[in-house]
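**Q** Mind having a look at this structure? Questions to follow.
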Amino acid sequence: MPIMATTTQTSNIGPGLPATLARGFQASWLTVLLLVTINTGVAGILSIEDARPFWHPFISAQSLGLCIAYAVNAARPWDYAHPIRRLVAAVLIGTLLGLALLLAIKGYGVGDEMYKVAQARQRVGQFLGTGFSAFVLGSCVGLVFLFRFREAQQAAVLHRAEAARLLMSKHAVEAELKLMQAQVEPHFLFNTLASVQYLTETDPKQAGKLLSHLIEYLRAALPQLRASSTTLGKEVGLAAAYLNILKMRMGARLAFTIDVPADLAEHPFPPNLLISLVENAVKHGIEPAADGGVISVAARRDATLLQVTVTDTGRGEAVPVQPGDGVGLSNVRERLGALYGGRGSFTLVHDAPGGTHATLSIPFESAPEAH
């Protein structure tokens, strides 16, 4: 019965002899207890046809079983390119060690004359038969464990490959975000600057106010161009600056409210997810509606989740954002999946006769305790 040790690499070059002998003892007490229990079961089966006291087959089974397990664990055939050949050799060596230990314990430890070397030579055939049975049984059990261990190794390799694939997917999504962040909504900026130029000639006071909102927006947006993480408060500030600019351009057709508790403002939050929902609400909810509408941004904690909702009272249907119009709703879902797996979600609900609720849910992270 081999003592299976955890490993993850396959090699044709083994350690030196001292290290090889030492690693044969590397096993948990639970594994040793399991081996002793199995060997005791084998001894019980042997005792059925053995008229001698139970300790005779018990010592035989433990000596041979534990020595075979030690030899297999020292050889570790599952680490090598030709494991079966190495396993058979280890079982053979373990069987010979077990026979020697058996003679030492019964012949010289217990004092049974039949197991001393002089008497044992006259019973070579019987000892060879015992050794052969132990070799066959040890080889069969070792093969079962070897195949199961190889299956576990292959499963571990697949899990690592899947983890690497998910990590690459996350990096790809983040790289796409960086590219989009670098664009800083050029159409939005150009349109706003054009409005500032127009108001400078027609209403200088309003032009100064719009320029102030634009500076506020850029002050909030530019630090995030290279950021992989920010806070909910900063994202809300960016959304508020964006909506203030649009309110000046759209007038009474746009109103907005923001309801974010102060204790949630410092919570970590992925950059540009919130602003993309606000952009979508304006472009596909408020702007197409004849009377415009109201956009509401709200955040709350729900058990282990932080939920941020963007609601608009506009047209009531969301059209996918076109290329160049921002991060886009599909990218929102991809980023949530890459960042949080199944713990993050995005839902979009349409009201009748008009209006849309877009909700982001991410894991709530408690603030670290002060020391």
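Quick note: the coordinates plus some simple rules give every number you see, no bench work behind them. Everything quoted here is computed from the prediction, not taken from an experiment. Every residue, glycine among them, receives a Cβ derived from its backbone with ideal geometry; neighbour counts consider all protein chains shown.
**Q** Assigning unit charges at the beta carbon (Lys, Arg +1; Asp, Glu -1) and nothing else, what dipole magnitude in debye, to the nearest 20, does region 64-171 show about its Cα centre?
**A** 260
**Q** Moving to a separate point now. Please express the Cα-Cα pair-distance distribution P(r) of region 17-168 as a list of whole percents, one per 5 Å bin, running from 0 to the bin with the greatest distance.
**A** Result, from short to long distances: 2, 9, 15, 19, 18, 13, 10, 6, 3, 2, 2, 1, 1, 0 percent.
**Q** Which distance in Å, rounded to a whole number, links the C-alpha centroids of region 231-263 and region 264-287?
**A** The two parts, judged by their Cα centres, are 9 Å apart.
**Q** So what's the net charge close to M250: Lys and Arg +1, Asp and Glu -1, counting the other residues with Cβ under 15 Å from its Cβ?
**A** Spelling it out: positives minus negatives among the neighbours equals +2.
**Q** If each residue's Cβ is checked for other Cβ atoms within 10 Å, how do K116, K283 rank with the fewest at the top?
**A** The order, fewest Cβ neighbours first, is K116, K283.
**Q** At a 10 Å Cβ-Cβ cut-off, how would you order R150, R335, fewest neighbours first?
**A** R150, R335
**Q** Quick one: I275, I84, fewest Cβ neighbours within 10 Å first, how do they rank?
**A** Fewest-to-most ranking of I275, I84: I84, I275.
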